[in-house]
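I am attaching a structure below and will ask some questions about it afterwards.
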Amino acid sequence: MGMETSLLILIAFVSAIIFILFGLLIVVYIITKPYPNLEVTADSELYFYNAKTDSQERFPSIKDKPTVTLSVIVPAYREEKRLGKMLDEALPYLDGRRARDPTFSFEVIVVDDGSDDATDRVALYYSRRVGPDRLRLLKLARNLGKGGAVRRGMLAARGQRLLFADADGATRFSDLDRLERELQSCTGGEQNTVAMVTPVIIVKIIDYNVGGLAIL
């Protein structure tokens, strides 16, 4: 009898744990969303500052026809100390690329992800220096997290190709040439493709249309 009682108690305990976990899963499912909330909470998020005309201009939409070759999205949260160093590498590289290839054009979109430091002022300094056609600031009214900031930046991009790069400068911009070569060799430029470069220079090419994966 004692063994049967212990077994019943164990079954009841396990059942209670399973019931509680199932209830928690239901609660999590109800109160969470699969994607970050990208709802615009301030009209200012729809505009960027044009220093040439001293006015606010509306960001385009990713649904519009591309007008530049490459859009570089830089999510930045409290990056006042590292953003300038990253841009000092990225902008000369992109300008050099444009000088060598007249068909190449670019824009950089710095997405200030609700920072409470001088991240936005650093971005505006570079925008004034190089012009709003080459660098724009998208300042979010609240923090969306890295994924949300990247998505918001890409939704406002003008590029035929979209690249996101961290504001800490962990990855060298000179690796972009290799990245594009692998993209071209993987799909011939005709299919939707994602490519990644890590700080240790491992490139992964993923072609979602054909399911191919190459690690270089």
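Could you list Thr5, Thr69 in order of exposure, starting from the residue whose Cβ has the fewest other Cβ atoms within 10 Å?
On the way: Thr5 9, Thr69 18.
Ranked by crowding around the Cβ, least crowded first: Thr5, Thr69.
Which length gain, in nm to one decimal place, applies between Asp175 and Asp101 when the Cα-Cα distance is subtracted from 0.36 nm times their residue separation? Please list the in-between numbers first.
Details: separation 74, 0.36 × 74 = 26.64 nm, distance 1.69 nm.
Using 0.36 nm per residue and subtracting the Cα-Cα distance, I get 24.9 nm.
Which of the pairs Lys65/Lys85; Lys81/Lys146; Lys81/Lys139; Lys52/Lys85 have their Cα atoms more than 22 Å apart in this structure?
Distance filter (> 22 Å) returns Lys65/Lys85; Lys52/Lys85.
What FRET efficiency would be calculated for the residue pair Arg121, Leu24, taking the C-beta separation as r and a Förster radius of 35 Å, to the nearest 0.05? Provide the component values of the computation, followed by the final result.
Numbers: r = 44 Å, r/R0 = 1.25.
Calculated value: 0.20.
A follow-up question, please. Set the Förster distance to 25 Å, then compute FRET efficiency between Ala42 and Asp133 from the Cβ-Cβ distance, nearest 0.05.
0.55
Identify the residues of the range 152-175 with backbone N under 16 Å of a label point that sits 7 angstrom from the Cα of Glu89 along the Cα-to-Cβ direction, or state none.
The answer is 164-175.
How far apart, in nm, are two points set 7 Å out from the Cα along the Cα-to-Cβ line at Arg142 and at Thr67?
Once both label points are built, they end up 3.1 nm from each other.
Mind listing the phi-derived Karplus ³J(HN,Hα) values for the range 68-83, rounded to whole Hz, using 6.51, -1.76 and 1.60 with θ = phi - 60°, and x for any glycine or proline?
9, 6, 9, 10, 10, 9, 10, x, 9, 10, 6, 10, 4, 8, 10, 4
We did not get these values from a lab; they are worked out from the coordinates using the rules stated. Note that this is a predicted model, so its numbers are computed, not measured. Every residue, glycine among them, receives a Cβ derived from its backbone with ideal geometry; neighbour counts consider all protein chains shown.
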